[in-house]
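These notes concern the structure reproduced below.
The values are calculated or read from the model by the stated rules, or taken from the named source; none is laboratory data. Treat the numbers as computed from the prediction; the structure is a model and nothing was measured. Heads up, the Cβs are rebuilt from the backbone with ideal geometry, glycines too, and the neighbour counts pull from every protein chain shown. These accessible areas exclude ligands, DNA and RNA; they are computed on the full protein's heavy atoms, side chains included. Shrake-Rupley method; radii C 1.70, N 1.55, O 1.52, S 1.80 Å.
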Amino acid sequence: MKSLNKNYYYIILCSVLEILSIITLWGTEAKLTFLASIFGIPFVFLIIWYMDKSYENTILATFFSIFLLPLSGYIFLRIGLLDKQWMFYTVFYFIILFFLIKNGMFKRINRDKNIIKNKYIRFILLAMIIINVFFAFNKQVSIMIILLSFLPFIFLFYIVRTSNFKDKKSFYNKILEASILGALISVAPDFFYYMLSLIKGSTEKLYGPLGSNAILAYSLLMFIIVLGKWAKEKGIKNRWTLYVIGFSLSIGIQRSRGALIAIFSIFILYLIFNVKNWKKYGVVFLIVGIMVSANVFSRPDVSDEDTINEIHTIIEKPNNSNNKGNQKIKQVIIKVIESQSRTRQIIWKSALEITNDYTYTGVGLGNFKYFFNEYSGTTKSYIDAHNLLLNFSAEVGVPFMLIALILIVKMGIDSLIGYFKTKDKTRITYLSLGIVIAVFFIYGNLTGIAFNFTGEIYSFSSTFMMLFILFYMDYINEFV
């Protein structure tokens, strides 16, 4: 009876908020915001109801929800309350903490189980991020990024690593799948918007926390992990096939040139180190590769280039000698690269100059945007350096960048060693981690905006994914 009454409270409160949302947003031009709020409110209460059931449920619901948080940031943006979004996130974190404590958190924690790899490097990096606040240009932004993004997720992973579970390995696998499902659902607005625009005869994209740059920060890396899990299954009649299809569609609709390079890198590495599954990888690669290629070359800044016409001319009129023809093709390729990377060059040059002036401390987490216009001499705004390492050095300083680079390289080497040391299917798990590190490094330094976890307060997905990679490494070291 008590359980029934509790459910009634959830239903009544949810209904009241639904009515208020309809009254507030009815007739608005922001139709996507309207739909997101209408469906989002009961969804949030369903998650809260699920958390209330057990300690394990609270953790699984939290991992599932993380990638959906930027959706609330989008809603706050559209209704003109972006500066107040921190209130929602704070309430969300306290709800999680409440259910963790209610379901016996203090009885479940065993600090002796907090075994992590490279813990000293991680501790140094965290300490440097916190100390960096004192040198930040806008200290409030840096503090909010740390309090709302870094510390809650670090605490969450600490709770998971130190808690007692009946079958820890099995539960870790459930955490992985909860995160995968959350990531897949989070791309739904972007996917449906793309499909609607396609029906109308265009290929418009969403930007901001729901758009491709934010989504690619975690969908690309999750895709690699899912491909690794899928390769270990016999045949295609399993749930991992559905996950692969989901991520293939979500990545396939993107228009990022960096994503196209990342896709090629992923499949080349999988084919080299796991060639026996070439049929599986080949089919997925053809689908995703063709979709992304088509989207990239339909971009106005690519398709309208005079250089594309030059390429067609060379192909249609191959009258020149081979040497002259090859030379002209090389010139065209160089011209394409230079024209497409012009903006990157300006951003990277500005980041280097900021780094030169603030070598040891940087300008502060999330503070790149305050310095870009001054150093670039342009009026267009950019919130990050579009390059992982340059963003580290410009915002947190060169020492932080170097230590972070050591950690990234070490993780890559460790995964490579693990791959060659193991003989059975578990080596694919090490392989997937190694490819995650490779793509994180390659893609992150080509178009760092996707891995930017310091530019905005609501950059939760990127921050979480970076920490999730560390957690995935710990999982492999403990159970593989």
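Our note on the geometry: Cα centres of the range 224-301 and the range 376-428, 22 Å apart. Net length available on complete extension from Ile287 to Phe479 is 65.8 nm, with 0.36 nm assigned per residue and the Cα-Cα distance removed. Taking Val44, Val91, Val187 and ordering them by how much accessible surface each has at a 1.4 Å probe, largest first, produces Val91, Val44, Val187. Distance between the 7 Å Cα→Cβ label points at Glu233 and Gln345: 4.7 nm.
For the set Lys113/Lys229; Lys169/Lys425; Lys117/Lys276; Lys168/Lys237; Lys53/Lys117; Lys84/Lys349, the pairs lying more than 22 angstrom apart at their alpha carbons are Lys113/Lys229; Lys117/Lys276; Lys168/Lys237; Lys53/Lys117; Lys84/Lys349. Between Phe43 and Lys421, what is the FRET efficiency for a Förster distance of 51 Å, r being their Cβ-Cβ separation, to the nearest 0.05? Computed FRET efficiency for Phe43 and Lys421: 0.70. With the convex hull drawn around the C-alpha atoms of the range 146-195, the volume per residue stands at 79 Å³. For the pair Asn356 and Leu181 in one chain, pulling the backbone fully straight at 0.36 nm per residue adds 58.8 nm over the alpha carbon distance. For Trp86, the accessible surface of its heavy atoms amounts to roughly 100 Å² (probe 1.4 Å, protein chains only, rounded to the nearest 10). Among Met291, Met87, Met411, the sequence by solvent-accessible area, most first, with a 1.4 Å probe is Met87, Met291, Met411.
Multiply the residue separation of Ile115 and Leu402 by 0.36 nm, subtract the distance between their alpha-carbon atoms, and state the gained length in nm to one decimal. Full extension from Ile115 to Leu402 adds 100.9 nm. Between Asp83 and Ile101, the modelled labels are 3.1 nm apart [label points 7 Å from Cα along Cα→Cβ]. Along its three principal directions, the equivalent ellipsoid of the range 338-443 from the Cα gyration tensor extends over semi-axes of 34, 16, 9 Å, largest first.
Compute the normalised compactness of the range 54-178: alpha-carbon radius of gyration over 2.2 N^0.38 Å, N being the residue count. Display every interim value, and only then the final one.
Numbers: Rg = 16.4 Å, N = 125, 2.2 N^0.38 = 13.8 Å.
The reported ratio for this selection is 1.19.
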